[in-house]
Structure formats: structure tokens, C-alpha cells
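Encoded as C-alpha cells, the structure appears first; notes follow it.
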Amino acid sequence: MSNQAEDIFNFTATSDECIKCGKCIPVCTIHNVNADEVTSPRGFIDLLGEYQRGNLDLDKQAKDIFESCFLCTNCVDVCPNSLPTDMVIEEVRADIADKYGIAWFKRAFFTLLRYRWLMDIMMKLGFVFKTCGFKQESKAGGMRARFNLPILKADRLLPSLSKTSFLNKYPSTINRDGARRVAIFIGCLANYNYTGIGDSLVDVLKELNIEIFIPKKQKCCSAPAYFTGDFYTVETLTKQNIEYFESFFEDIEAMIIPEATCSAMIKHDWEIFFKNRGMDDWAARAKKLNKKIFMATEWLYKETELKAILDERDIRFEESITYHDACHAKKVQGIEREPRELLKSNYEIKEMSDPNRCCGFGGVTIQSEKFHLAQAAGKPKAAMIEQSGAQIVSAECSACRMQISNSLYQNGVDVEFKNPIELIDKALKERKSD
């Protein structure tokens, strides 16, 4: 991700720096499914330049264009000038929110994110009444039943709700007096939906004799609100999290996060957000936390003996894995080798033709109001997963899991999605059962 935060509000300068080379176009997620120059990175920044010059009204058409970007950062990754296209779009979405407001269902969702106790209640109710909105069988037969994934009656796959959230399932401290001490930031989807990720992470850390601290007052990282333009929610959640993290960060070696989007938001976007608002003191506080924040596989590979332990096990699973590089893992944090190195000790990895291609999740607006774009972006991803011949697709991102699982379902591809932490935990447990 670009470090040009100080120029973020200068849309005109960003537009002027674009040399129109076109390197961004072949990798742009939205342009690949909507081949229009307007919905390309250089199209976006040209329009933003005209908007700041006063030559373009932020009308409904412009709103629709700026909300169609997936924020995958592919354009930033290949741009010779490292133009922060994703960041300027995030900023203009705040202007859009100010002018047009935010849809009621998004406001309701972001309110739940600000008040975890309220989210806990709603998720409990959702678990109890989930049969009102979901069905457990489908035309795909046993494939979906095997994965225990609910399906909207409109035939759209959504993640299951767990009876008890990860944060409410465990005590604050696990494996007390372990040789080292780390904290877990779990992320909302892993907390309420894919709770097996947290369960597996706890088991892996216990196997390594590491004391685990689960901060009970952690809040959402604010990524959903940030990508939508609800900066009030971003500021509220980020400040609350920073103040809470500061209360225990001196007592831990690291805070590990099994979610690429959450990790990128905390480690990169928090500091940038405050810099852009002129809140340098908060930016400095966010930056100070960064040295102890890691994606889970990154820390486990670099800072523990887990790789050696897995290599020593004489275990090779029959299932092969194809690995998807989540945008917020590879392009934002440079993490791609670490999960593969840990997995290849016990699994065959069959690389898909383009593991770096965005899955098409795109955020709350894409998933709700522009889902046809998510479907279009997900179809080629599902095809390359199928063509890999693997039985499992893995990525350290639950947003990718939600999108890819639905893409696989809608395209009839019988491949299971697992977080790499879950697969590593399976290898460790297999050894114990011998």
C-alpha cells in the first residue's frame, strides 16, 4: 500500500501524477468484469481530479462509479508511481456518505459493530432464528450439508452462525505460565461465524506451550465502515481499540490475527486514517502498536518452531490444497510464503493459475447493493480453483472465505475452504492420535 498519506486529500495531484501507462487495467478487478475506462484505476483518479477541480458533481452516477471499486489494491501493486488509488477512493466515499447518507441497513450494522454487547445479542437471536432466513439443503445436495453452510432462500450461500462466539467461549487467559505470552485479535467473522479458526489457533498455541491472552474488550477493527465511508464509526472503534490495547501491550510478546483484512486495517490503515484527519497523536499511538501486530501464520512461521515441528511429523494428507493470496495479505502486508511453508509440511500444494487474483468480496456495498459484481468477479476464481485439482482452497481471510465459498457453491465446484490455521491444527492433532 502506498505511503503517500499526506497527499490523500489532493485528488488533483494524484490525478496529475498518473502517466496513463495502463498497467493497472489488466489487473483491475472491476475493469475485468465491467470493461469500461470509467471503471478502471486511471478512470477513477481522473474523475477524482475533476471532482476536486469543481468540474464534476458528486451525483448519483459518480457515486455509483466510486462505489464499484473492490479496493483490491492490484492497481497500487503494479503502478510505477505507486499512486494510492485505493486510498483516494476510500476518502471520496466519506464525501459520498456525507452527501447521500448511508443506507439504513449499513447504519444498523455499523451500530452493532460499535457495541459488541448488542452484536452478541443479535447474533444469539440470529442463531436461534436462523432457520427463518436460511435453509440447510440445496440443489447441490450433500456438498453443502457436508460443510454445514446455510443458504439464503434466494440461493446465496452465507456463513453459519455459531451458538457461542469465540470471545465468549474462552477465559481471558489460557495455558497460564506458558513459556511466552501472546494476545489474539479474532475478527468479527471468526468470532461469530467461522469460530473453528479461533479454536484451532488456541490449540496450536497450546501445542507450542505459549500462554494465550484473549482481550475480551476488543472491538471490530472498523474495516467494513472504513471501506464504506462511515468515518465516525472508524474513529470511534479505532480509538477505543487503541486505548484498550495500550493497557496490556507491555505484557505481551505479540498480538496475532488470523485474518488478513483485520491485520492490514490495524497495522496500516489506522495510522493512515489518523494522519489524514490531522490527528498526529493518535497516528503515533497506532504506529507504536505495529511492532507487535502480526498475521497468525507470519508470526508462527518466523517466531516459533512450528515449521520444524510440522516437518518432523511423518504425516502426508491425501487432500491437496490450492492457496489463495488475499489482497490484504500479499499486496498490503507482503505475506504469501509463510502460510505455504507451514502447509507444505503435511499437504501437497497445487497452485491455481492466478492465486493473486482478487476473489471479489469488495466490502459491504459490493456484497449488498452490487452483488452482481461480486458474482462476476467470483466466477473466474471458482473456475481456477476447480482447475487446480485441489480438494481444499485456503486463505487467511474470512471475507475471502465467505465470497469464495459462495462462488464455489453457485458455480457447482465441490471444493472445501479452510483457514491455514485450521489445516495446521489438523496436522498437529493427527500426530497426537497416532
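The values are calculated or read from the model by the stated rules, or taken from the named source; none is laboratory data. Given the structure is predicted, the values throughout are model-derived calculations rather than measurements. Neighbour counts are summed over all protein chains in view; Cβ atoms, including those assigned to glycine, are modelled from backbone coordinates with ideal geometry.
Here are some notes:
- Among the residues of the range 334-353, those identified as buried (at least 22 other Cβ atoms within 10 Å of the Cβ) and more than 22 Å from V415 (Cα to Cα) are I335, E338.
- Residue ID - farthest from K206 (Cα to Cα), chosen from residues in the range 305-324 that are of a type in the set (V, I, T) and out of contact with any Ser or Thr (no Cβ under 6 Å at 6 or more places or on another chain): I315
- Index of the failed condition, M265 passing every other in (1) over 25 Å from A223 (Cα atoms); (2) within 19 Å of the chain's Cα centre (by Cα): (1)
- One residue alone among N191, N168 is more than 18 Å from the chain's Cα centre (by Cα), assigned to a helix (DSSP H, G or I) and not β-branched (V, I, T), and that residue is N168.
- Subset tally (residues that are under 16 Å from K287 (Cα atoms), touching a residue at least 40 places away in the same chain (Cβ under 8 Å) and assigned to a loop (DSSP other than H, G, I, E, B)) for the range 229-247: 0
- Candidate set from the range 290-321 (those that are of a type in the set (S, T, N, Q) and surrounded by fewer than 24 Cβ atoms within 10 Å (Cβ to Cβ)); member that is farthest from I252 (Cα to Cα): S320
- Of the helices (runs of 4 or more DSSP H) that lie entirely inside the range 4-88, those containing 1 or more residues that are under 24 Å from L373 (Cβ atoms) and in contact (Cβ under 8 Å) with a residue 60 or more places away in the chain span 11-17, 29-33, 74-78.
- Conditions (1) within 17 Å of the chain's Cα centre (by Cα); (2) closer than 24 Å to A103 by Cβ; (3) surrounded by 24 or more Cβ atoms within 10 Å (Cβ to Cβ): number failed by I256: (2)
- Consider the range 358-413 and keep the residues that are basic (K, R) and crowded, with 17+ Cβ neighbours inside 10 Å. The one that is farthest from the chain's Cα centre (by Cα) is K370.
- Residue within the range 346-362 that is in contact (Cβ under 8 Å) with a residue 12 or more places away in the chain, over 23 Å from S68 (Cβ atoms), touching a Phe, Trp or Tyr at 6+ places or on another chain (Cβ under 7 Å) and hydrophobic (A, V, I, L, M, F, W, C) present: yes
- When the test is whether a residue is at pLDDT below 90 and under 27 Å from A225 (Cβ atoms), S15 passes it.
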